Structures are given as C-alpha cells and as structure tokens.
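A.B. asks: Below are the structure tokens for one structure; questions will follow.
The values are calculated or read from the model by the stated rules, or taken from the named source; none is laboratory data. Bear in mind that the values here come from a model prediction, so they are computed numbers and not experimental data. Cβ placement follows ideal geometry from the backbone for every residue including glycine, while neighbour counts extend to all protein chains displayed. Areas reflect the complete protein model, heavy atoms only, side chains present, ligands, DNA and RNA absent. Shrake-Rupley method; radii C 1.70, N 1.55, O 1.52, S 1.80 Å.
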Amino acid sequence: MTVAQDVVDGVTNLLSELRTFDHDMVNRTAEAAKRLDTEHKRLSKFREDGYICSKTKKIGQREESTVVDNSVQVQMMDCEVQFVSIIETLKFILSKSDFRRDVRTRGTCSQMLESVWDGSRSKNMPLWSTEGLPILLRLYQDDIEVANPLGANSGVYKLTMYYFSILNLPPAYHALLCHQHLVCVAMATDIKALSHNPVCELVTKDVRELEDGFNLGTIRVYGTLVALSGDNLGLNGIIGLVESFSANHYCRFCMMSKDHCQKNHSCSEANRMSRNHAEHKAHTSQKSPDTRNTGVVRPCSLDDIKYFKAIESFTPDIMHDLLEGVMKLEVALVLESLISKAVITLKQLNHLINTFNYGYTDVGNQPRLLRKSTAAKKERPNMINMKQSASGMWCLFRTLPVMIGDYVPSGSKEWELYRLLSEITAFAFRPYHSDESTHYLDYIVEEHHMLFLRLFPGTPLTPKQHNLCHYGEAIRRNGPLPQFSAMRSESKHQIAKITGALTCNFRNIPVTVARKYQLKNFGDWCSDNIYPENRVSYSKAGHVSSVTLNGCKIAPGCLLIIDDSAFKVSNLAVNAQGQPLVKGHHVNAQWSADLIAYIIKEDEQQNPIICSRNLNSELLSKYPYPISVWRSSSGTKCFVTKYKIRSEERRVGKECRSRW
C-alpha cells in the first residue's frame, strides 16, 4: 500500500502543478522553436549573427569515366570547391574587441628572435610602416582520408584541406583549434588534376584585398600572407616544384641536387644555394621548365601577392621533419645497434616503455610498444617498426634516455648521435633565439650529419635530414619554428574524419565537411570559447588541486622553470584577491650526458627553503609548461625540458665561439 500511495500522491501533485502551469510560456517557447524548426531557418538566423557560409567555386574541369547505357564513356566533369572568404572571417573574429587587443602589432625591442615580427623578412617589409592593425597570416594545406583508408574506397573521397591562422597572436592561442580557420575544402582528385593554383588564385584575391586594407569601425585592418605550412611534398605542389623525393632537385629551400643532399653536411653551403624569387621566376617563365635541373614544374599563383613570394617563405615544419621523420629513422637505427650489441633486448625495452611512470604531463602521449619490422633486411636484421604518432614519438624520444641511459656503455658513438639529435630538437622547438643560438644550431646539425654518415655509411641522408641544414637560416628569416608547426592544424582534421564516419554519405562531401567546420567555429566564437583556459580546480575537501594557466595544467609534484631554475611545486593556494599562488622550493639540477636529462640533486639532510609566488604568465614566460619528475632505471630522479631554457644562452654562445 505504501508504494501505491506514493504513486497516488505523485500524480496528485503533478496535476496540481499542471493547473498552475504557465501555458503562455509554453506557447511562446513553441512559437520560438517553430521559427528554427528547419535547417534553412537555423542557418538564416546564424547568418544574421555572423555565421559565414562556404561558397561553391568552380575551379575547372577534368576527365572522368562514367557508365552510360552499359558502356564506359569519358566525360568532362566540373571541379568545384567549398571556399570560405578570408576577409569575411577576419571581419567576424576581429569584431570582438577583447580578442582584437591580444593581436600583437609589433615585435619585441630586445635582440631576441621571439616571433615572426623579429625575423629579417618581416622587419624589412615596407607594408608594416602603415598605421592600423596588422595581420600576419599563415596558410596550411594537407590531404586527409574521410573514408576507411583500408577499404575499397580508399583515396576516392580523399579531401584537400586549407586553413589559415593569425601568426601575431600570443603562443597560447596557437594551441586552440578555434584559431585554425577553414579556407577551402576540395576533392584531392581535382587538385591532382588541376594543381593547387586554382585554389591559390582564390586565396590570392583575398590576400591582395587584405594588403589594401579594410575598415573595421574606426580601425584600419591590413596585412598579408607571410608563411606556408604543411608536409614537404604538399608544399612543393603549392610552390610549383616536383612532388617527389626521388626527383633530382626536391628541396624547396635550395638548388642542391639529390646526390649532393644525401652526402652534404654543410649548412652554410646549403644556404648559399638557397632558391630566390628572381631565379624561380626565370625558371617558370620558360615554355617548358627544366624540371630535371631545377625541380620547377609550374609557376605559383601565390606569387601574385604583392608582399609574399612562395619560394622565399622558408618555413620548415618541425613536426613532419623531426617527429615524423628524422626521429623515427635515427631512434630505430640507434636501438637496432644497441640490440645487436646485446646492450638491451626488444622485450626489455617494451617492458620499460609499458611500466614507465610518465607523469600527468605526458601520460596522454604514452608511446606504443615497439615491434620488429616484417620487412627486415639482411643489413638490418633487428629492424624496428617505429610506428608512433607525432606526440607519442616526441614523448618516447625524451623518455628513452631516462629508461635505458644507465644501460648504454660510456663512449657509445650511437648514443652521441642521439645526444646531438636531442640538442637539435631542443633548439628547433625553442620559442625564442639569439643570433648566436641559430649559428650554434647550424654547427650541431653539421656535427650530427657528419657522425650519422660515419656510423651508417650505407644509409644516405634523407630529405628530412637535409631540411635540418636550413633551420638556422629559417629562424633568422622568420623567427622561431614552433609557430609554423602543423601539429595543431592536423588536430583540426578530426572534424572531417568524424563527419565522414558518422554521416556515411559521401555525395558532395566537401559541402558537408565545410558546413560542419563553420558551424563548430561559429559556436566557439559565439560562446567566447576562444581564449586560453585559465581556472582553479578544487578538491572535495576544498583545497586547490590544480591551476590551469594558458591551457597548461599545474599540479602539486610537478616542476616549473622559475628564475632560470627548477622549482618543485608542493602546494597550490589562492590569495585574498583570488589569484593563484604556488608554494614550493628550488631544486639543484645537474646535466647528465648519459641520461640526456637534468639530474635532481636533493640533500635530504637540509630542509629546503619553501617560498610562495604569484602564479601568472609573466612568471612562467620563459618556460610555461609543467614538467614531470621521472626516475631512471637506477632510481635517479631527473627531468627533461622540451626546449633549451634561456639560462643556457650564455653557455651556448661560449661553446659556439670556442668551437669556431
């Protein structure tokens, strides 16, 4: 009876509430919903609020085989792309005054290279003498597969994606996907048949309009394209060079031949042979370009931009070159050598990878276990299949010396090669440079290449290893390399891949993908979900459990680089003004060439001096990332930074001068 009575009481209460319910409110809600009950009505409403719809643009025609009356016929098919106006996108995002204030209008006054503003190309560009709000654009291009890459339709529905981003924003903004703006979606088969030039013509038209400038209220907005990003062969296609590493002149930076690139270790020689616009224009002006001796296939439509020449953009991509190229090759070769010398076995190595405590900062990037390659050759019987993602490879590269450094015999030449590559990576990922550090980078690249050719005489330098010769010059021209990395841009592809997997409808897939991209970006910008995350998290007991600063999570137990030294966080708190505080102590750290890491020297007999600091972006400006404390196989506490910190500038300059 109790249950029945509860049901009766519940129904009685519900009826009494319905009698007092506001039916007018229900009617008003229904009327409002009726105005948005179709997709057309919703998109019309969104357009009133600033939503930018992609437009269909015809870029040419190509031949396609079709079945007509049980016979195969070749017909001319229109090639169409979905294009989003760069000017309209800029007007929409720059209409937000808070975001507009974060756009950096000029470079720093120091002698350091800290942004694209500090590179020689931007410094010498007369466009920036104009008054107003300058915008420096980066164009990114990549191909993606939205269907099953192993299925029967592999390659049929491959898309070519183009994004743009604003380079003169604080570094924390570059990690947010909402700042990767869609420019164009095209079928890869159309681009292969017609080249990138038809799409580049659409981009050029918008960029030339941006160079002339437009008014946004009382503010004059102007700018230009300053960088191209993407994989090496994709950028060769945009620039108008041969899209094959087997070609005689495949490098988009210099005129070295393939044979020369495979043996050359001199950065100065590579930079002396750099391509320039005048020579490139002379090559493309010929009726039939001498592809074999120049690598040039066609002119580039982006060269019609007044202040940008594609062949001189000089922006290598550290993700494709290092994380997905040089690291995979050389880590595999070094490990194969150590295994052949019985220093360690593949089983032991996988056990270390599987049981290593990566800490909360890298647990999401844990590398996959290594496998012996099925394509092992006679000269490489222990060949390892280094199948890792870019983030997983970077994590493995930094943690591997800590895992096996104690096993490696002293004086190992293979380990010296690993150390040199670690030094190159630490400088390549650095967000600031001096002129001396760029020349030191040139030096260690030469040392690395010489040692590689000596250790593995049967393995020539790969195109991605050759690209390292141009890194120092690229930094001097355009500033630090991380700002051109394709790492976050590739993450943007997830929207297209999920769309393809869920819709299961590939008829005019560029339209579907472009709409999904634009709706997602519109939602982010309307909800102000466009700023780096800053928040304080509390535990159930009410204590501060973590602080997120510019998207980086800081928790007790991690290390921070404060005042050019390692600071161990013991506790977090909030002061009376609501500002986060970090409490902890500085630790003594010493560099270890064996572990390729900093060893923490803690004196247990002395109590460390605890200090408290206000946690803000200025405090962590030199190194904003938290660092996990790792333990080597022998139990030694150590840590590894993702790039060289500023306190090492004096040592680097001194070593550079002494060696030269």
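A.B. asks: Once Lys and Arg get +1 and Asp and Glu get -1 on their Cβ, which of LEU225, VAL513, ASN575 lies farthest toward the positive end of the dipole of the chain?
C.D. replies: Towards the positive end, the residue furthest out is LEU225.
A.B. asks: A further question follows. Could you give the spread of the C-alpha atoms of the range 486-580 along their three principal axes, from largest to smallest, in whole angstroms?
C.D. replies: Projected onto the principal axes, the Cα atoms of the range 486-580 cover 56, 28, 23 Å.
A.B. asks: While we're here: Under the rule of -39500 (n - 2.57) per DSSP H run of 4 or more residues, summed and divided by the residues of the chain, what mean residue ellipticity at 222 nm is obtained, to the nearest 500 deg cm²/dmol?
C.D. replies: -11000 deg cm²/dmol
A.B. asks: Could you state the accessible area per residue of the chain in Å², with a 1.4 Å probe and every protein chain left in place?
C.D. replies: On a per-residue basis, 48 Å².
A.B. asks: Here is a further query. Roughly how many whole Å is it from the C-alpha centroid of the range 111-141 to that of the range 254-279?
C.D. replies: With the range 111-141 and the range 254-279 each reduced to a Cα centre, they are spaced 26 Å.
A.B. asks: Return the long-range amide H neighbours of GLN61 (sequence gap of 5 or more, or a different chain), with a cut-off of under 5 Å between placed amide H atoms.
C.D. replies: Placed amide hydrogens put CYS79 under 5 Å from GLN61.
A.B. asks: Something else: Need the full-extension length gain, ASP212 to HIS40, defined as separation in residues times 0.36 nm minus the C-alpha distance. One decimal, nm.
C.D. replies: Computed gain between ASP212 and HIS40 is 58.4 nm.
A.B. asks: Carbon and sulfur: what percent of the chain's accessible surface (1.4 Å probe)?
C.D. replies: 50 percent
A.B. asks: Post the alpha-carbon centroid distance, the range 426-470 to the range 222-240, in whole angstrom.
C.D. replies: Here the answer is 23 Å between Cα centres.
A.B. asks: Add +1 for every Lys or Arg and -1 for every Asp or Glu among the other residues with Cβ under 12 Å from the Cβ of GLY584, and state the total.
C.D. replies: Residues near GLY584 contribute +3 overall.
A.B. asks: Summing +1 for each Lys or Arg and -1 for each Asp or Glu, what net charge is found among the other residues whose Cβ lies under 15 Å from the Cβ of LEU615?
C.D. replies: With Lys, Arg at +1 and Asp, Glu at -1, the neighbours total +3.
A.B. asks: In debye, nearest 20: dipole of the range 548-609 around its Cα centre with unit charges on the Cβ of K, R (+) and D, E (-)?
C.D. replies: Computed about the Cα centre, the dipole is about 300 debye.
A.B. asks: Please state the relative contact order of the chain as a whole percent: Cα pairs under 8 Å, 6+ residues apart? Working shown, then result.
C.D. replies: Details: 1068 pairs, mean separation 93.8, N = 660.
Relative contact order, the chain: 14 percent.
A.B. asks: Turning to a different aspect of this structure: I'd like the Kirkwood hydrodynamic radius of the range 172-261, using the inverse of the mean 1/r over distinct C-alpha pairs, in Å. The partial results should precede the final answer.
C.D. replies: Details: mean 1/r = 0.0625 Å⁻¹.
For the range 172-261, the Kirkwood estimate is 16.0 Å.
A.B. asks: Please get the size of the charge dipole for the range 399-507, origin at its Cα centre, with Cβ charges of +1 on Lys and Arg and -1 on Asp and Glu, quoted in debye to the nearest 20. Numbers along the way, then the final one.
C.D. replies: Values: 11 positive and 11 negative charges, 151 e Å.
About 720 debye.
A.B. asks: A further question on this structure: Does a label point 7 Å from the Cα of MET383, set along Cα-to-beta-carbon, have any residues of the range 319-339 with amide nitrogen under 15 Å, and which are they?
C.D. replies: Residues passing the 15 Å test: 329-330, 332-334, 336-337.
A.B. asks: (1) 78, 57, 50; (2) 72, 65, 50; (3) 86, 78, 60: which one is Cα extents along the principal axes in Å as calculated from this entry?
C.D. replies: Entry (3).
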